[in-house]
Structures are given as structure tokens and as C-alpha cells.
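Asks: One structure is given below, represented as C-alpha cells, and several questions about it will come after.
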Amino acid sequence: MRNGKTALVTGAGGFIGHHLIKYLIGQGYVVRGADIKHPEYEETAADEFAIADLRVPEQCLRVTKGIDEVYHLAADMGGIGYISAFHAGITLNNTLINVHTLQAARHHGVKRFMFSSSACVYPQYLQKDPDVVPLREEDAFPADPEEGYGLEKLYTEKLCQYFTEDWNFATRVVRFHNVYGPLGTYDGGREKAPAALSRKIASLHDGDELMIWGDGRQTRSFMYVDDCVEGIHRIMRSDYSAPLNLGTDELVTVDELVDIIAEIAGKSVKKCHDTSKPQGVRGRNSDNSRLRTVLGWEPKTSLRQGLIPTYRWIEQRVAAELGFSGIAAE
Ligand code: NAD
């Protein structure tokens, strides 16, 4: 049953956008997706899919026309290796995408606009210890964000705030903390830790060496994509416009993440650490107090629960690429 509302999901060819479209269709929206590319692993569920380069103002105007709610996920992004290597391109592309999409949405009188920000906005001086204090929304200032990618996210958060304050344009700002799940990028250089480690473990034989970036003691929390898309929609429905964390507070070291994946795979791996590779901040966790207050809800899927379908999907892809099946049974 359709609810009479139209939604635009930008970044619809990407990981979270693709899952969000399925969720919004389930909620009764008529959905337009926009991206420079189609989804890689599965056909889109969108009612309409526009190929558009959102760095270009005219293309932003084209895709935001006739839309009630914009879920803005398009970004030039990737894992730590990628975002620490390409500061100029990432900052330039994301500045153009965000400014022009926001401006076009306002031009067309869009009723609500959600910006997907990131835990990368948080100051690096608060993330120097693996035993990190969970990050609260107000900790973002005084600012010292991740170079390039994080700095640009923080700037666009403020731009959303100014659009709301000065022009009464309704915005929502969501700070995602490491999202993972099936149908996410798992190779090619833009993949993040859970997908990269799942791919490596799926390709290994029992007892093989596994190369891990950093010393393995860096800590993170990870959110399953189903929780992420439900949280996005709940935040859009709320009347809260300041930045909100959306993540879990189940903190693990990267070595512990490897142990969970190896156990799901039914393999033992010999961990080796390459400390010459980028590893990002030492520790990062989400403080969900405000999310609980605003929504009375928070992500529920445990890391182990979410990694089972994620690993199985990547394992199948790797097995198909290697030209055989039943890799887990070896
Ligand atoms: P993704 O890379 O899978 O999806 C982003 C999509 O944006 C891609 O399909 C890409 O083609 C598209 N895009 C890039 N440049 C474009 C352009 N010029 N015009 C149109 N489309 C363009 O990333 P994701 O994991 O789905 O992330 C979605 C959003 O969430 C991003 O804004 C990202 O910064 C944010 N985020 C994600 C995570 C995470 O863990 N996945 C964490 C924090 C923040």
C-alpha cells in the first residue's frame, strides 16, 4: 500500500542507499533513486532510477523535482585506505555533491532533507586510546576531524543547520558509525574492515596467515545495515534536526572482529599485523544516549548476528570468483 509520499535516495547505486530503497518501498513510499552508477550486485527496487552526476547543479535540480523527502547518501567514500589517500578529490567531489543537492532540494520545496554524516567528524584528539570513551554529539567541537572526508562532512552538517535556522528548511543530520552487511563493497580498495576481512578469510585455507592492517588492537563499533536503514527512517520521522549518532556501542578490537568472522567461517587463521598500513584512529565508539532519548530506540543486531549473513554473502561471491563452491566446508 503506497503512502502518497515521494522519496529521493541519492547514492542509490551504493550499499546503504540500495538497502534503504527496499525499506522505503516497504513503508509505502514512491521512490526515485539517483547515482552515477547502478547497484553492482542486485537490481534496484526503486520505482525510477536516474543516472546523475550530483556534482552538477542541473542534475541535482532534475532529480529533486517533485520529491517530498530527500535521503542524501551519495558521496565519494571508502574505507580508511581510500579516505586517507585521496584528500583533494574526496573533499572537492563531496563539497560539490552536497552543496548542489541541498540547494536544489530547497529550490524545489522539498519537505525534509536527510544528510548522511559520519563518525569521522569527531576530533582525533578524543580517539587516541583503544579504550575510548564513547563519543557524544557535542564532542564534535572544538573540531579536529578526519582530514578531507571528515572535515567536509562537518562543514555540510553546519550548512544543514544554517539552512534550517535561516530559511526554515527541514534537515536531519545522521552520524553513521561503520555500517556493514550483505551487498556492500567487499573488494577493489573502497571496502571497509568487516567486508575486507570477510573476503580475506573466505579466500584462505584453514590455518593460513591473515594479514591485518595495524596492530589489531584498534577498537571500533559496527552497525548492521538493517538497523541503519530503520534508524534513518525513524530519524527522518522525528522532529529532531541537530546531529545524531546512529551506531552501536558494542566495542571490539579488530583482532576480535577477525576472531568472530573466522569462527563463522569455521576456519582457524594465523593473525599477522602490518603496522605500515593506515589504521585510522586508535579507538572509536558511539554514545547512543541522545538517540535513545530522541527515538526511544537504538540498533539491536549484535555484531555476531549481523556478520553471519554478511560473511555468507561474501563467501558466496568469493567462491564464484574462484570458480568453485563449498569453500566453508573445506
Ligand atoms: P557507497 O560508496 O556504497 O555509496 C555511495 C554512492 O554515492 C555510490 O554508489 C557512488 O556511486 C555514489 N556517488 C559518488 N559520487 C557521486 C556523484 N558525483 N553523483 C551521484 N552519485 C555519486 O557508500 P555507503 O556505504 O552506502 O555510504 C552512504 C553514505 O553514508 C555516504 O554519504 C557515506 O559517507 C556515509 N557513511 C557511510 C558509512 C559506512 O560505514 N558505510 C559510515 C559513515 C558514513
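Asks: Please state which one of I260, I212, I232 is touching a helix residue (DSSP H, G or I) at 6+ places or on another chain (Cβ under 7 Å), over 24 Å from K153 (Cβ atoms) and either part of a helix (DSSP H, G or I) or of a type in the set (K, R) (or both). Reasoning before the result, please.
Replies: Details: I212 fails: either part of a helix (DSSP H, G or I) or of a type in the set (K, R) (or both); I232 fails: over 24 Å from K153 (Cβ atoms).
That would be I260, the only listed residue that is touching a helix residue (DSSP H, G or I) at 6+ places or on another chain (Cβ under 7 Å), over 24 Å from K153 (Cβ atoms) and either part of a helix (DSSP H, G or I) or of a type in the set (K, R) (or both).
Asks: Then there's this: Identify the residue in the range 56-104 that is of a type in the set (D, E, K, R) and within 21 Å of C160 (Cβ to Cβ) and, among all such residues, is farthest from the ligand (Cβ to nearest atom). Even if it seems obvious, please write down each step before you answer.
Replies: Narrowing the range 56-104 to residues of a type in the set (D, E, K, R): 58, 62, 65, 68-69, 76.
Still in the list and also within 21 Å of C160 (Cβ to Cβ): 65, 68-69, 76.
Numbers: K65: 16, D68: 20, E69: 16, D76: 5 Å.
Here the residue is D68.
Asks: Just need a number here: residues in the range 288-324 that are surrounded by fewer than 16 Cβ atoms within 10 Å (Cβ to Cβ) and acidic (D, E).
Replies: Qualifying residue count for the region: 1.
Asks: If the requirement is being in contact (Cβ under 8 Å) with a residue 12 or more places away in the chain, under 24 Å from G13 (Cβ atoms) and touching a Pro at 6+ places or on another chain (Cβ under 9 Å), which of these qualifies: E230, E191?
Replies: Working: E191 fails: touching a Pro at 6+ places or on another chain (Cβ under 9 Å).
Going through E230, E191 in turn, the sole match is E230.
Asks: Given D53, D35, which one is out of contact with any strand residue (DSSP E or B) (no Cβ under 8 Å at 6 or more places or on another chain), within 12 Å of the ligand (Cβ to nearest atom), free of Cβ contacts under 8 Å to residues at least 60 places away in the same chain and acidic (D, E)?
Replies: Details: D35 fails: out of contact with any strand residue (DSSP E or B) (no Cβ under 8 Å at 6 or more places or on another chain).
Unique residue meeting the criteria: D53.
Asks: Residues to consider are V225, V173; find the one that is touching a Cys at 6+ places or on another chain (Cβ under 8 Å) and not charged (D, E, K, R).
Replies: On the way: V225 fails: touching a Cys at 6+ places or on another chain (Cβ under 8 Å).
So the residue among V225, V173 that is touching a Cys at 6+ places or on another chain (Cβ under 8 Å) and not charged (D, E, K, R) is V173.
Asks: What are the residue pairs meeting all of these: first residue in the range 161-185, first residue over 30 Å from T310 (Cα atoms), second residue more than 9 Å from the ligand (Cβ to nearest atom) and part of a loop (DSSP other than H, G, I, E, B), Cβ atoms under 7 Å, and 6 or more apart or on different chains?
Replies: F163/F169; T164/A170; T164/S241; A170/K111; A170/S241; T171/S241
Asks: Now, a different point. Could you list, in sequence order, all residues of the range 162-187 that are surrounded by fewer than 16 Cβ atoms within 10 Å (Cβ to Cβ) and modelled with pLDDT of 95 or more? Show your work before the answer.
Replies: At the first step, the residues of the range 162-187 found to be surrounded by fewer than 16 Cβ atoms within 10 Å (Cβ to Cβ) are 162, 165-168, 187.
Those that are surrounded by fewer than 16 Cβ atoms within 10 Å (Cβ to Cβ) and modelled with pLDDT of 95 or more: Y162, E165, D166, W167, N168.
The values are calculated or read from the model by the stated rules, or taken from the named source; none is laboratory data. None of the values given here were measured: they were computed from a predicted structure. When we count neighbours, we look across all protein chains shown, and the Cβ atoms used for this are built from the backbone with ideal geometry, even at glycine.
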